[in-house]
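The next block holds one structure in the form of structure tokens; read it before the comments.
The values are calculated or read from the model by the stated rules, or taken from the named source; none is laboratory data. Predicted, not measured: the structure shown is a model, and the values here were computed from it. Heads up, the Cβs are rebuilt from the backbone with ideal geometry, glycines too, and the neighbour counts pull from every protein chain shown. Accessible surface is based on the protein model in full, side chains and every heavy atom, while ligands, DNA and RNA are left aside. Shrake-Rupley method; radii C 1.70, N 1.55, O 1.52, S 1.80 Å.
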Amino acid sequence: MKKTIQNTNVRNKTILLRVDYNVPLQNGKILDDTKIIETLETIRYLQSENCKIVILSHLGKIKTEEDKSWYSLEVVADRLKELLRCEVYFSKENFTNNLKNRVELLKPQEILILENTRFLDLPNRLESSCDAQLSMFWASLGDVFVNDAFASSHRRHASTYGIATYLPSCIGFLMQKEIISLNKLIQEPEKPFVLIMGGAKVEDKIQLIQKLITKCDYLLCGGGIANTCLKALDVSIGESLSSQNATTIRVLQQIMLENKTKFVLPLDAIVGTTYDNNEVKYKRIDKIEENDIILDVGIKTLEKYQTILQNAKTIFINGTLGKYEDNRFANGTKELFEMLQKTNAIVVAGGGDTQSALKQLKYQDKFTYVSSGGGATLEYLATGSLIALENITEEDSIETLDL
């Protein structure tokens, strides 16, 4: 485990705290403040240690000057103030000499949120390129760097990787919970261990499949993953979403060949067609025609998956079984979530699509652990590390967290 906040001398120090406040917004209002709430434990701990706290985060994708008007962190500062019931200051500046004076004027336990770190990506990508001057400037504002932004730590940015190059660094409580929970899947998961993979981006998940297929007992497939597997087996999938990359398909064929007893593919499907957006049909998987589009799994598939899941001890789910955003094709994913809720297994969920589906279908609080990361979760499970943590030293032991 990397050096932790509770085993670091932060008492009376000025702390640079990197969090992930990349919250969904609509018309300037926060739609979901889960990411803010998840950081409160670390912030309150730092306040109990009499720290001055300077918070950094990104928000949204900043590609034009106009984007800056939509993605200011000021709305997040206001929400954090409400949650903590204490003063939270906001700085529209994040890379000026005036900022140093403002930080020095902070009193112990006070909080200052700096403007969106990705504003500095225009015009020269200072944040995303991990600019050394920017990294050193931010490091000069504090005494200790605390990384609690698990969901952003697969990126080599100035605010994640760069600062840790120049300051004593450690990880916060959210980061610890993520690592401890995901390590259970990487190391010795209690068996039977079932992996559920769905979603559209097959290429992003090949490495993860290669990593976990040796540890799991079954891999249940849905969505674009299942379609690509069927395609690799020369089963017709019509016009369904699948990988078009020949290398990806060959790699998947080899993985399936070496793990024949572990792959579990759909038996039936709910399909649409290319010529009628309103047409919905139930079909056996071997009856898919050239104009069909597989959009959800059918009842026989769900029955088969339930038989496997009811005996599982550990389950990791990444992705969905169908196009859950459309109510006509959400049943497979919803039924799967219901099965997982009722199982006695440890259920860990991760990935951006999974999080979105859990929230939309109101299952976000039903599982053992829901990872805050999308790409970071997959990267950590596949490699056992994250680039932003490379500059943080290891420690021999940590205080036990109550997960």
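Looking only at residues in segment 190-238 that are in contact (Cβ under 8 Å) with a residue 40 or more places away in the chain and among the acidic types (Asp, Glu), the one that is nearest to Gly298 (Cα to Cα) is Asp217. Looking only at segment 243-252, residues that are surrounded by fewer than 16 Cβ atoms within 10 Å (Cβ to Cβ) and not hydrophobic (A, V, I, L, M, F, W, C) come to 4 in all. Does segment 274-287 include one or more residues that are open to solvent by less than 20 Å² (accessible area, probe 1.4 Å) and either closer than 25 Å to Glu338 by Cα or not in a helix (DSSP H, G or I) (or both)? No, segment 274-287 contains no residue that is open to solvent by less than 20 Å² (accessible area, probe 1.4 Å) and either closer than 25 Å to Glu338 by Cα or not in a helix (DSSP H, G or I) (or both). For segment 71-105, the candidate set comprises residues that are farther than 19 Å from Leu40 by Cα and touching a strand residue (DSSP E or B) at 6+ places or on another chain (Cβ under 8 Å); within that set, the residue that is surrounded by the most Cβ atoms within 10 Å (Cβ to Cβ) is Asn94. Residues in segment 123-154 that are modelled with pLDDT of 95 or more, not acidic (Asp, Glu) and not in a helix (DSSP H, G or I): 15 in all.
Farther than 16 Å from Glu203 by Cβ and touching a strand residue (DSSP E or B) at 6+ places or on another chain (Cβ under 6 Å): is that true of Cys229 in this structure? Criteria not met by Cys229. Suppose the filter is surrounded by fewer than 22 Cβ atoms within 10 Å (Cβ to Cβ) and under 28 Å from the mean Cα position of the chain (by Cα); does Thr214 pass it? Yes. Screening the candidates Glu379, Glu325 for the property of being surrounded by 20 or more Cβ atoms within 10 Å (Cβ to Cβ), touching a residue at least 12 places away in the same chain (Cβ under 8 Å) and not β-branched (Val, Ile, Thr) yields one hit, Glu379.
Against the test of being among the aromatic types (Phe, Trp, Tyr) and open to solvent by less than 10 Å² (accessible area, probe 1.4 Å), the options Phe137, Phe119, Phe173, Phe150 yield a single qualifying residue, Phe150. Within segment 91-146, the residues that satisfy the criterion of being among the acidic types (Asp, Glu) and free of Cβ contacts under 8 Å to residues at least 60 places away in the same chain are Glu93, Glu104, Glu110, Glu115, Asp121, Asp131.
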